[in-house]
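Step one of this worksheet: look at the structure below.
We did not get these values from a lab; they are worked out from the coordinates using the rules stated. Everything numeric in this text was worked out from a predicted model, so none of it was measured. Every residue, glycine as well, gets a Cβ built from its backbone with ideal geometry; the counts of neighbours run over all protein chains shown.
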Amino acid sequence: MSEAILHGGLILLFLAVAATSVFTRDTFSAITAFIVYGLLLGLAWVALGSIDVALTEAALGGGITGALLLRAASRLRHADHAAETRRTGPASHGLAALACAGLTAALIVLVLSLPHPAPSLAPLAMEALPATHVGNPVTGVLLAFRAWDTFLETVVLVLALVAIWGLTSDAMWGGRPGPVQIPEPDGNLAFLARLLPPFGVLIAIYLFWVGADEPGGKFQAGTLLAAMWLLTLQAGLIDAPVLSRLRLRLAIVLGPLVFAGIGLLGLVVSSGLFAYPPGFVKACILLIEAASTVSIGVTLCLLVLGPPERPATP
Amino acid sequence: MNTTEWFGIAAALLIGLGLFGVITHPMLLRKILAFNLVGTGVFLLFGVIARRGAAAGIDGDPVPHAFVITGIVVAFSASALAVTMALKLKSDTGESTFPDDPPADAPDPAAPPRP
């Protein structure tokens with residue numbers, strides 16, 4: 001009974017916040033609502049029994065996506081007013097509402113008619129997990145059973161960054177992204193940017209290490225690293241990196257390269273692509289996770305920063 | 001009906017709500033935000049399916065959970081690309097919305113000339 005009240009209340013709350021983020025006029029309020037929504041959705045994932053997803057959703061879905069949208073909104077601020085004039089009429093709104101209500105109704109029917117008993121790969125995953133020497137089944141799925149998917153997914157991050165850098169204007173190629181942040185040495189942001197990163201980095205390393213056996217892993221750890229870097233950048237304590245630096249680019253591709261290398265090694269020393277050598281499964285998984293944590297952290301931060309906009313030396 | 005199915009219904013509502021935002025908001029940034037709502041709704045459906053598949057002593061099927069984690073990261077990459085394109089549109093044309101559709105009877109500038 002108490003579970004019903006808790007879960008029902010949570011659902012009503014995040015639906016209300018989601019509705020706010022769609023219906024409010026002011027863009028900044030909408031983004032703030034979206035960040036709150038991301039955190040509430042993290043709680044919903046806890047209620048659904050997955051701490052791994054809850055951490056990822058709260059950090060990436062709410063936090064870093066929120067930072068991305070806020071940065072963009074502050075640049076588009078003056079365009080808000082012009083956009084208002086393009087608002088479509090009530091007739092087309094009604095039509096859109098009708099179509100969306102129809103989709104929702106169809107999805108609800110689908111949810112209520114899901115098969116009993118539910119199909120599940122959990123028994124198979126748990127049965128094969130001891131062979132990986134990893135205790136967290138989600139990490140086992142990500143890095144052993146479906147390693148190919150996860151490898152491609154780390155490549156997607158790099159591709160997105162390549163696409164974003166592809167939008168650079170010729171004159172700025174190899175420069176620094178974003179505007180110069182004027183540091184405010186006694187401001188709150190500078191204080192937090194000095195206080196939090198040591199803890200953030202420590203927690204990130206912990207999340208990476210513990211991810212083998214408990215909820216956590218490279219995505220959560222990398223997101224936290226990216227957040228710490230963004231915080232110090234935003235406070236103006238350090239300048240944005242020069243995007244043509246070889247070391248930076250190596251950090252971006254380190255994770256995919258190590259992942260691909262170990263995956264290809266499987267063809268030689270084991271039974272096939274992404275088959276880890278027996279006895280070294282956990283070592284391989286930890287190596288991939290460590291390299292990927294660095295790459296994911298760097299890449300996520302650079303995805304938020306966007307293409308270079310000013311020369312490397314002012 | 002148990003609370004897991006309530007989350008499924010909430011996911012369906014989120015998808016509808018997000019889609020409505022994508023269609024009706026003129027500003028591209030708001031469309032991107034609304035599209036993210038659709039994404040989280042889809043992920044939540046995965047969560048419901050994973051929860052229903054709880055077996056073998058764990059709280060949910062780990063395979064959909066792993067998909068959702070990769071999905072969240074890919075959704076973020078796509079959003080970052082979309083935001084960068086919206087900013088590029090703004091810096092090149094000064095617009096933060098898609099251009100208006102030309103009237104239906106206007107000649108299409110991209111169409112090849114009629115013989």
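For the reader, a short list of remarks on this structure follows.
- Normalised convex hull volume, segment A:144-244, alpha-carbon set, Å³ per residue: 111
- Using every pair of separate Cα atoms, the Kirkwood estimate puts the hydrodynamic radius of segment B:3-93 at 14.4 angstrom.
- Simple spin-label estimate for A:LEU124 and A:GLU214 gives 3.0 nm between the two label positions (7 Å along the Cα-to-Cβ direction from each Cα).
- Between segment A:170-243 and segment A:105-131, the Cα center-to-center distance that results, in Å: 37
- Subtracting the Cα-Cα distance of A:SER169 and A:ALA106 from their residue separation scaled by 0.36 nm leaves 18.1 nm.
- Among the helices of chain A, those built from whole DSSP H runs whose Cα atoms reach 20 Å or more along their own axis and whose mean Kyte-Doolittle hydropathy is at least -0.5 are A:2-23, A:27-47, A:90-112, A:147-165, A:188-210, A:218-234, A:246-269, A:281-305.
- Each Lys and Arg contributes +1 and each Asp and Glu -1, all at the Cβ; summed about the Cα centre of segment B:3-93, the dipole is approximately 320 debye.
- Debye log10 I(q)/I(0) for segment A:122-196, one point scatterer per Cα, at q = 0.14, 0.20 Å⁻¹: -0.77, -0.86
- In segment B:3-93, Cα pairs under 8 Å separated by at least six residues give a relative contact order of 26 percent.
- About the Cα centre, charge dipole magnitude for the protein assembly as shown (Lys/Arg +1, Asp/Glu -1 at Cβ), debye: 600
- Annotation: lysines with alpha-carbon distance below 20 angstrom to B:LYS88 (same-chain offsets under eight excluded): B:LYS31.
- Rg to Rh, two decimals, where segment A:78-207 supplies the alpha carbon set and Rh follows Kirkwood: 1.12
- Separation of the A:VAL156 and A:PHE199 label points, Cα + 7 Å toward Cβ, nm: 3.3
- Close amide-amide hydrogen proximity is noted between A:GLU309 and A:ARG176, A:GLY178, each under 5 Å apart and 5 or more residues distant or on a separate chain (H modeled in the peptide plane; Pro and chain starts excluded).
- Distance from the alpha carbon centroid of segment A:278-314 to that of segment B:28-76 works out to 23 angstrom.
- Compactness of chain A as Cα Rg over 2.2 N^0.38 Å, two decimals: 1.14
- Helical runs assigned H by DSSP (4 residues or longer) give chain A a calculated mean residue ellipticity at 222 nm of -22000 deg cm²/dmol, each run adding -39500 (n - 2.57) before division by the residue total.
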